[in-house]
Structure formats: structure tokens, C-alpha cells
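Below: the structure, in C-alpha cells.
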Amino acid sequence: MIPGEIPGPISASPRIAELDARVHDKRAVRQPKKEPADEQNKIRLTSGATQKQGMLDKTARKSGFTLVEIMIVVAIIGLLAAIAIPNFIKARTTSQKNVCINNLRQIDSAIQQWAMELRKGPSATVAETDVTPYLKRTVICPSSGIAFVDSYSLTTVSSQPTCQKVPLTHSLLP
């Protein structure tokens, strides 16, 4: 090489030019062909998905739930509801029964107080207006009762009051 000369494909010696051309050709051979972006995305992996889609599937799978997981959760919630709803209905019915029986006890106490204050005998007829001043609050059967008149029936001082809505289970024991 001549001092001050810039190295490159063109040089003074033909031998150097030939070697220089070979080096440039080898670089061209060694460098892989650049394929268009669409063809790179179509390179198949062993799982059958494309390389780019495989990456997306992995990240999407981490962030969401699968259909099977959601179906299992729905099935568990349905099973719990199937167990809980009948128990809830039974508890509500039992509670309504207990409230009605306690109302009947209060009504019976009010009847007895009324009879003692006014010195009424066991065969005296009792009306709602006679008993309501002795009750702290209005009493209604919780099983679809609207008022005292359609919930409870009163007859005499010696007989117990009865529930008109569910007379078989809502009753005082003798």
C-alpha cells in the first residue's frame, strides 16, 4: 500500500484488488438473506403456532381465565346455591312460625289482662278493640298477613287465639 492511500476495493495492485473483491463476496455470502417481515412471521415452531403468535398466546394465557376455569367456578356457585336456597327458605319459614307463635302468646296475655281488669268471665266474648290497648305494637302474622283482622281470630277469654293464615303449624300449645 502506498502511504496516504485510502484502502478500498480499488487499489494499485491487481492482487490486492482481487483479494479485496473476495473478502467483499464472502461477507455477502455470510450475511443471511433478509426475508420480508411476513415470511419471518410464518416460521413454524414445533407446537404448530408461528413464532410471533406463540409469544402472544403465552402472554394472553397469563392474563385471562380459560373457558374451563370459568365453567368450574360457575358450577361451584350453582352447587352452593342449590344447597343454600332450600335451607334459607326453611329458616325463613321457621322464623315466621316462631314470630307468629310469639304474637299469639302476646295476644293471649292481653286477653287475660283485659279480662282481669274488667272482671270478665271465661265465657266473655273478646274483640280486637278490647285487646289492642294491651299490646305494645300491632301484631300481624308474618306469613302474608296484612292486618290483625285477617291474621288472628279471637273468640272467648277461655279459648286461645288462633292464626288464620297457617292454623296447623302456627298455634299455641294447650
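Coordinate-derived values only; no laboratory data. What you see is a predicted model; the values in this text were computed from it and never measured. Cβ atoms come from the backbone with ideal geometry, glycine included; neighbour counts cover every protein chain shown.
One line per residue, one yes/no per condition, for (1) among the charged types (D, E, K, R); (2) in contact with a helix residue (DSSP H, G or I) (Cβ under 9 Å, 6 or more places away or on another chain):
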site: LEU67; (1), (2): no, no
site: LEU80; (1), (2): no, no
site: ASN87; (1), (2): no, no
site: VAL99; (1), (2): no, no
site: ARG119; (1), (2): yes, no
site: GLU128; (1), (2): yes, yes
site: ILE140; (1), (2): no, yes
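Mind listing whichever residues of segment 79-98 are surrounded by 10 or more Cβ atoms within 10 Å (Cβ to Cβ) and of a type in the set (Gly, Ala, Ser)?
Of everything in segment 79-98, those that are surrounded by 10 or more Cβ atoms within 10 Å (Cβ to Cβ) and of a type in the set (Gly, Ala, Ser) turn out to be ALA81, ALA84, ALA91, SER95.
Quick one: count up the residues across segment 123-171 that are of a type outside the set (Ser, Thr, Tyr) and either in a strand (DSSP E or B) or in contact (Cβ under 8 Å) with a residue 40 or more places away in the chain (or both). Before you say what the answer is, go through the steps one by one.
Of all residues in segment 123-171, those of a type outside the set (Ser, Thr, Tyr) come to 124, 126-128, 130-131, 133, 135-137, 139-142, 145-150, 154, 157, 160-161, 163-168, 170.
In the following step, the residues that additionally are either in a strand (DSSP E or B) or in contact (Cβ under 8 Å) with a residue 40 or more places away in the chain (or both) were identified as 141-142, 154, 157, 160-161, 163, 165-166, 170.
Qualifying residue count for the region: 10.
Which condition breaks for ILE101 when tested against (1) loosely packed, with under 14 Cβ neighbours inside 10 Å; (2) part of a helix (DSSP H, G or I)?
Of (1) loosely packed, with under 14 Cβ neighbours inside 10 Å; (2) part of a helix (DSSP H, G or I), only one is false for ILE101: (1).
Would you say VAL131 is among the aliphatic types (A, V, I, L, M) and either within 36 Å of the chain's Cα centre (by Cα) or buried (at least 17 other Cβ atoms within 10 Å of the Cβ) (or both)?
So VAL131 fits the description; yes.
Just a yes or no: is a residue in segment 104-114 over 22 Å from PRO167 (Cα atoms) and surrounded by fewer than 16 Cβ atoms within 10 Å (Cβ to Cβ)?
As a first pass, look at segment 104-114 and keep what is over 22 Å from PRO167 (Cα atoms): 113-114.
Adding the requirement that they be surrounded by fewer than 16 Cβ atoms within 10 Å (Cβ to Cβ) leaves 113.
Yes: one or more hits.
Only one of (1) out of contact with any Cys (no Cβ under 6 Å at 6 or more places or on another chain); (2) surrounded by 14 or more Cβ atoms within 10 Å (Cβ to Cβ) fails for THR138. Which number is that?
(2)
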